[in-house]
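As structure tokens, the structure follows; a few thoughts come after it.
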Amino acid sequence: MTDRPVSSVPPRPRSRRRIAVLGGGLGSLAAVYALTDAPDWHERYEITVYQIGWRLGGKGRSGRNVKANLRSEGFGHHLWWGCYDNAFALMRRCYKELARPAGAPLATFREAFRPSETLFFGTGQGDQSRLWPLTLGRNDASPGEGAAPPTVWEYVRILLPWVLDCLPSLHPLYPNYAAIAPLWQDQARSLLPALLRRAHNQGVVAFAAFDPAAPDYDALLRQAGTTVPEGHQSSRQRRAWAQPLVVGAEQRPARSSRR
């Protein structure tokens, strides 16, 4: 055997893939971020983002309104809910790579995202528009750290008190359940005490103080909505706690009483 001479011709560079990204919303930018995460992405991809206008971010974009004293306006509320762990985890990674110096605008993740305990939902238009204020209890969790999402039961425990808190404000004539309950359908008025008795028999103590002779539905529903069952509960006990609240929350005044 004879040794073959080693070729001095450099290897032919592979061609880069051309990738066109339509739209500069958070989903598109997250995809670009993932593609450029590889150290050799410059050699592998040629990426172009196409966006109408000059502002990236889609429903997460923001800016300053020069006609309103440079008020900060944006659509980030579509994205930055505390439960959006993937979006916040991505932002944490971005801030870690940016490594902005202290004193720079929005230098840290904590400076860019501040928690809020009050949320307003707007509904209707013109004279029919209304705001629903929701107060969200603050906790020690930090969004984007990969905490396990709530279970279905935990979501029920969160959502039902919100419904009970918001529902009486939906109509100006019925500011509380004391005004709504007398106008319930007859079957609803008879169903609720039966559900309360069953809950009591199941060992659900939240409804123990209910007095059918003088029912205080506001106190009952609010107290039960905030006194959620803790510890191990059977599926029957969970349903026994939730069903009276659902019945109370879904009722509307009888149609004949609205005229």
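Residue under question is Ala141, and the condition is that it be of a type in the set (A, V, I, L, M, F, W, C) and modelled with pLDDT of 70 or more; does it hold? It is true that Ala141 is of a type in the set (A, V, I, L, M, F, W, C) and modelled with pLDDT of 70 or more.
Quick grid of which residues meet (1) more than 30 Å from Trp162 (Cβ to Cβ); (2) open to solvent by 90 Å² or more (accessible area, probe 1.4 Å):
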position	(1), (2)
Gly25	no, no
Ile52	yes, yes
Ser72	no, no
Arg93	yes, yes
Ala107	yes, no
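For the stretch 109-157, a residue qualifies if it is in a loop (DSSP other than H, G, I, E, B), exposed (fewer than 10 other Cβ atoms within 10 Å of the Cβ), touching a Lys or Arg at 6+ places or on another chain (Cβ under 9 Å) and not charged (D, E, K, R), and exactly one does: Gly124. The number of residues in the stretch 33-78 that are of a type in the set (A, V, I, L, M, F, W, C), assigned to a strand (DSSP E or B) and at pLDDT below 85 comes to 0. Taken together, the criteria place Lys59 among residues that are surrounded by 11 or more Cβ atoms within 10 Å (Cβ to Cβ) and either more than 24 Å from the chain's Cα centre (by Cα) or among the basic types (Lys, Arg) (or both). The residues in the stretch 27-50 that are touching a strand residue (DSSP E or B) at 6+ places or on another chain (Cβ under 6 Å) and open to solvent by 60 Å² or more (accessible area, probe 1.4 Å) can be counted, and the count is 2.
The values are calculated or read from the model by the stated rules, or taken from the named source; none is laboratory data. What you see is a predicted model; the values in this text were computed from it and never measured. Neighbour counts are summed over all protein chains in view; Cβ atoms, including those assigned to glycine, are modelled from backbone coordinates with ideal geometry. Only protein heavy atoms, including side chains, enter the accessible area calculation; ligands, DNA and RNA are left aside. Shrake-Rupley method; radii C 1.70, N 1.55, O 1.52, S 1.80 Å.
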